Amino acid sequence: MTTERKPLLEIRSLTTVFPTRRGLVRAVSGLDLTLARGELLGLVGESGCGKSVSMLSILRLVSHPGRIVAGEVLLEGQDLLRLPIHAMRQVRGRQISMIFQDPMTTLNPAFRVGDQIAESLRIHGMLNGSGSSIWPFNRGRAEAERKRVVELLDEVGIAVPWEARKRYPHEFSGGMQQRALIAIAVSCHPKILLADEPTTALDVTIQAQIMDLLRRLNQEHGTSVILVTHNLALAATFCQNIAVMYAGRLVEKGSTDAVIEDPRHPYTRGLLECIPKIGATRQPLQPIPGNVPDLAELPPGCAFHPRCKKAQDACQEGEIPLVTLEDGRQVRCLLYV
Amino acid sequence: MRGVKILERLLYTIPIMFGVAVLVFLFMRMTPGDPVDIMMGEAGTVAPGEMEQLRKEFHLDEPLHVQLYLFLADAVRGDLGYSYAYKKPVTELIAEQLPATIELALGALLFGLIVAVPIGIWSAVKQYSVVDRLSMAGAFLGVSMPAFWLGILLILIFSVKLRWLPVTGRIDYTAGLQVVTGFYVLDSILTGNTTALVSSLKHLVLPSVALGAGTAAMVARVLRSSMVESLRQDYVILARAKGVRETWVVLKHALRNALIPTVTVVGIQVGVLLGGNMIVEQVFSWPGLGRLAVRAIFSRDFPLVQGVVMVYALTFVLANLLVDILYTYINPKITL
Ligand SMILES: Nc1ncnc2c1ncn2[C@@H]1O[C@H](COP(=O)(O)OP(=O)(O)OP(=O)(O)O)[C@@H](O)[C@H]1O
Ligand SMILES: [Mg+2]
């Protein structure tokens, strides 16, 4: 079957821009990224390199004035960017779900946590057929809905779930809020989970618990996960593969070991040199010289060339292709062309 | 639990009303002009003893603190005194006129909300569109236009020029309405009098618009800005990410949160509509509390002014209490 060989999700030259007073901000400019079934992919990059906008673009949730101007987002071969909006709604939360960075502001303060989970179930008809008892339809469905909500809260590790479902978000701790958001995200068994820095707002112990939870969902349900983070160490412990973004583009993607042990792109190398290694002899950290480019005025050619130690004249010209090396790794750098 | 808290809040209104009573009593005595002089001025020739007689009857010859004591002692028993001008108990006068005022306030509130809610939501969703700019300009006009001027304008256009709607009053007396509650629209329905229903509704339209325009403008502006604010929030993106239809994203997820600041303003407006209608009632000869108050002030009818002001104060306090109770339902973070 062709769909089996195809990646689950394939992003091709995705470009998302924000018209601003300073000019056209190219938050994502020609992103290529693939995600396989069951893959745990870490997406790393400096703050502002377009990770969140990429994830929002996949679901077509970029807020005004942002606009997706080019590219394809293929889910099992179907381009989401060309779907009519009602079909897109069937994808959101059902095929692809998202977990956001700040659980505090992401849950709706006006509704009970249980109702917010139940809403997802209802939208995607996850309870149809379960109301087929001798009770009137609604009663049976309400009962099934409650049961499922409690199950989900239990699954994400919230204690006393039948009480917790009646609570409002402000009565939850940050960790519990993030768990509730994960419960919403996984309620309809999506194929893909886009986790945008799911643990940044949480302390380290909670962070470990949340990551365990995501790993368990991946193993038990085969959910593919894109973990967005600027924490390379976190991505390295959690993910099979790592993708590195710079200025709205993919610069390198490969298996975690390969990328960490033997980074190929000069930017990836630079990133790794910035990370202190616990237990290693004290060496001065090597920050990457220069600054992140202004996304409204991207340098021509490779956006990294002004900061790159190995830059050649040719780096300033034309499109740098994404090449696949012998170990299956993808790199966008003239050194490997 | 909630019931106990509400009762507690109701008890708090007692000292507030007491304070209002004392204040209005003192303010009235400080305004220049003697009620008996004014009364006699209207009556024409007076026998000298007659004025003394009246002063004695109204206790105006007593020292101020005695007058205050007499007033408060009666008020506690629900007796607000006797109107000098109408020669009737104040409570009776208020009871007669209150339904008219409440009916008009409800009409104005209804008009205000019907106009403001869709406009506020629509303007927020289509921020900076032509619709938004036009309606916000309209709202600005609505807030700044004096109600009496709008009232006169409406009368000129719809009553005088187009002859669609009546100029003044609450109902056509030829409709033969049998008064039950004093709310004419309700009474028409209760007695099944269609002619009266049409007539009372027609009479209600223009004053409601004149009085409610300011409310509409106020509520539309607040609703718009709080909708703009909540549409920017992360939970709106979460709702979309769940696959919620855009209509429900706006009307459920965003509106529910935008209602929190809006309810406060609506609550204040209820007080304004009940207590700030003197001019509109005057323009439309609407026989309500506002008109009663104006007359009472001009004739220095102390007991009547005191009574009306206390009713106004009470409606403000109760409107606030209502808002606070509503709040606990809308905003889960707040308990009474
Ligand atoms: N509403 C907006 N208007 C203008 N520019 C925007 C807007 N939203 C995002 N951007 C731009 O898009 C770029 C990418 O933003 P994005 O939020 O995707 O970064 P990120 O990689 O997720 O960073 P972080 O790690 O800080 O979350 C930013 O440089 C920002 O300037
Ligand atoms: Mg981000």
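See the values below:
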item: Residue count for segment A:29-53, restricted to those that are within 27 Å of B:Y128 (Cα to Cα) and open to solvent by less than 10 Å² (accessible area, probe 1.4 Å); result: 0
item: Helices (runs of 4 or more DSSP H) fully within segment B:3-82 counting 2 or more residues that are among the polar types (S, T, N, Q) and more than 14 Å from B:Q306 (Cβ to Cβ); result: none
item: Sole residue being more than 14 Å from chain A (Cβ to nearest Cβ), among the aliphatic types (A, V, I, L, M), assigned to a helix (DSSP H, G or I) and open to solvent by 10 Å² or more (accessible area, probe 1.4 Å), chosen from B:V228, B:V219, B:V205, B:V180; result: B:V205
item: Residues that are modelled with pLDDT of 90 or more and touching a Gly at 6+ places or on another chain (Cβ under 6 Å), drawn from segment A:198-223; result: A:G222
item: Residue satisfying all of: in segment A:189-211; open to solvent by 50 Å² or more (accessible area, probe 1.4 Å) and more than 13 Å from every other protein chain (Cβ to nearest Cβ); nearest to ligand 1 (Cβ to nearest atom) among these; result: A:T200
item: B:V130 under 16 Å from B:L211 (Cα atoms) and open to solvent by 40 Å² or more (accessible area, probe 1.4 Å); result: no
item: Complete set of residues in segment A:33-60 that are within 20 Å of B:D234 (Cβ to Cβ) and either away from ligand 2 (no atom under 13 Å from the Cβ) or among the basic types (K, R) (or both); result: A:K51, A:I58, A:L59, A:R60
item: Single residue of B:V266, B:V308, B:V294, B:V280 found to be part of a helix (DSSP H, G or I), away from chain A (no Cβ under 13 Å) and under 22 Å from B:R2 (Cβ atoms); result: B:V266
item: Selection count where residues are part of a helix (DSSP H, G or I), within 11 Å of another protein chain (Cβ to nearest Cβ) and open to solvent by 10 Å² or more (accessible area, probe 1.4 Å), scope segment B:241-263; result: 8
item: Any pair with Cβ under 7 angstrom, 6 or more apart, that starts in segment A:62-86 at a residue that is without any contact (Cβ under 8 Å) to a residue 24 or more places away in the chain and assigned by TED's automatic domain parsing to the domain that holds A:A36 and ends at one that is away from ligand 1 (no atom under 16 Å from the Cβ) and in a strand (DSSP E or B); result: A:D79/A:E72; A:L81/A:E72
item: Residue within segment A:151-158 that is within 16 Å of ligand 1 (Cβ to nearest atom) and not acidic (D, E) present; result: no
item: Options A:S13, A:S63; residue that is within 16 Å of ligand 2 (Cβ to nearest atom), among the hydroxyl-bearing types (S, T, Y) and either within 17 Å of A:A195 (Cβ to Cβ) or modelled with pLDDT of 90 or more (or both); result: A:S63
item: Complete set of residues in segment A:150-173 that are more than 14 Å from chain B (Cβ to nearest Cβ) and assigned to a helix (DSSP H, G or I); result: A:V150, A:E151, A:L153, A:D154, A:E155, A:P161, A:W162, A:E163, A:A164
item: Test: residue in segment A:39-46 that is more than 16 Å from ligand 1 (Cβ to nearest atom), assigned by TED's automatic domain parsing to the domain that holds A:V323 and either touching a His at 6+ places or on another chain (Cβ under 9 Å) or farther than 21 Å from A:V17 by Cα (or both); result: yes
item: Residue count for segment A:60-116, restricted to those that are open to solvent by 10 Å² or more (accessible area, probe 1.4 Å), β-branched (V, I, T), more than 9 Å from chain B (Cβ to nearest Cβ) and farther than 19 Å from A:T15 by Cβ; result: 0
item: Which numbered condition B:W286 fails, given (1) touching a Ser or Thr at 6+ places or on another chain (Cβ under 9 Å); (2) in a helix (DSSP H, G or I); (3) within 30 Å of B:G169 (Cβ to Cβ); result: (2)
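A quick yes/no check of all residues on (1) modelled with pLDDT under 90; (2) within 21 Å of the chain's Cα centre (by Cα); (3) within 30 Å of A:A201 (Cβ to Cβ):
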position	(1), (2), (3)
A:N231	yes, yes, yes
A:N241	no, yes, yes
A:V251	no, yes, yes
A:G279	yes, no, yes
A:C308	yes, no, no
A:R329	no, yes, no
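The values are calculated or read from the model by the stated rules, or taken from the named source; none is laboratory data. Every value quoted in this text rests on a predicted model; they were computed, and no experiment measured them. All Cβ positions, even for glycine, are placed from backbone atoms using ideal geometry, and neighbour counts span all protein chains on display. Ligands, DNA and RNA are stripped out before the accessible areas are found, and what is left, the full protein with its side chains, is counted by its heavy atoms. Shrake-Rupley method; radii C 1.70, N 1.55, O 1.52, S 1.80 Å.
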